[in-house]
Amino acid sequence: MSQYYKAQRKRNLYDPSSKGLYKLSRSKLDLFLNCPRCFYLDRRVGIGQPPGYPFSLNSAVDTLLKKEFDHYRLLQAPHPLQIENNIDAIPFLHSELDVWRDSLRRGIQFQVPNTNIVLTGGVDDVWISTKTSELIIVDYKATSKLEAVSIDADWQIGYKRQAEIYQWLFRQNGFTVSNTAYFVYCNARTDLERFDQNLKFSISLLPYVGNTDWVMNAVYATYQCLRLDQIPKRVDTCDFCEYTRALEKLDNLG
């Protein structure tokens, strides 16, 4: 059986003495905002947080939504969800869309001035307003809950940052981007009597008005963290920091 998690790696580490460009993903920027210590251990030392197992059903929803919106993209016609929600937009047709979607290898990128950091992000979809020609950042989400979906929970701050980072990246690449992003939120229904080899969803289109003023400063703070000679202190609100603190106390008892 292959090992899913490698406790320490030697690849993709930041070297302060190197002048080469260093790619920093949107998710790693979010990790820094949550816990500079965990971020430093990951990017400088090579000890990353143990990952969760992949959400295969969520990935399937993501893939099918992309195929569906791509159908209307080629037609340059609005998707029924856009019509139902009175959104004057169509899926954006652009030769670089597959590059922007490739979060693992490419994505939308921007080299941050006065650093060797290239911030990257893999967007789910981009629409274009038929009224203003502004681009609209779109993210797909999938879940299964009895209550109505929202993006108002404290832990969903990551969703909002995600949309704002994408808005910022597209603006840095010269695009005019709407402040309003949308979450296509798919909620698998469990109120039905049978499964019958079909998983049915209720789909909500949730708008979010982003503010990207914080992004540049956050990237510079991340850059400064990467160049530190010492590991940052633990963060009280970080579950991983609390876990390692508890282990150290146990070791001291042994």
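The values are calculated or read from the model by the stated rules, or taken from the named source; none is laboratory data. Everything numeric here is computed off the predicted structure, so don't read it as measured data. Reconstructed Cβ throughout: ideal geometry from the backbone, glycine too, with neighbour counts over all protein chains shown. In case anyone asks, the SASA skips ligands and DNA or RNA and just uses the protein heavy atoms, side chains included. Shrake-Rupley method; radii C 1.70, N 1.55, O 1.52, S 1.80 Å.
Figures for the structure shown
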item	result
Cα-based Kirkwood hydrodynamic radius, the range 32-174, one decimal, Å	17.3
Kirkwood Rh and Cα Rg combined as Rg/Rh, the range 160-254	1.19
Antiparallel bridge percentage (DSSP; both residues within the range 5-130; nearest 5)	65
Helix runs (DSSP H) in the chain reaching 27 Å along axis by Cα, Kyte-Doolittle at least 1.0	none
Whole-percent carbon and sulfur share, accessible surface of the chain, 1.4 Å	51
DSSP beta bridge pairing in the range 73-189, given as percent antiparallel to the nearest 5	60
Solvent-accessible area per residue, Å², over the chain with all protein chains present [probe radius 1.4 Å]	60
Kirkwood Rh in Å, taken over all unlike Cα pairs in the chain	20.3
Solitary cysteines of the chain, where the nearest other Cys Cβ is not under 4.7 Å	Cys186, Cys225
Average projected area [Cα convex hull, the range 93-189], square nanometres	8.0
Among Pro113, Leu81, Phe92 - extreme Cα towards positive end, dipole of the range 1-120, charges at beta-carbon	Pro113
Fraction of antiparallel bridges per DSSP, the chain only, in percent to nearest 5	65
Ordering of 237-245, 149-157 by burial proxy (mean other Cβ atoms within 10 Å per residue, highest first)	237-245, 149-157
³J(HN,Hα), Karplus 6.51/-1.76/1.60, whole Hz, each residue of the range 198-204, x for Gly, Pro	9, 9, 9, 10, 9, 10, 10
Percentage relative contact order, the chain, counting C-alpha pairs under 8 Å, at least six apart	19
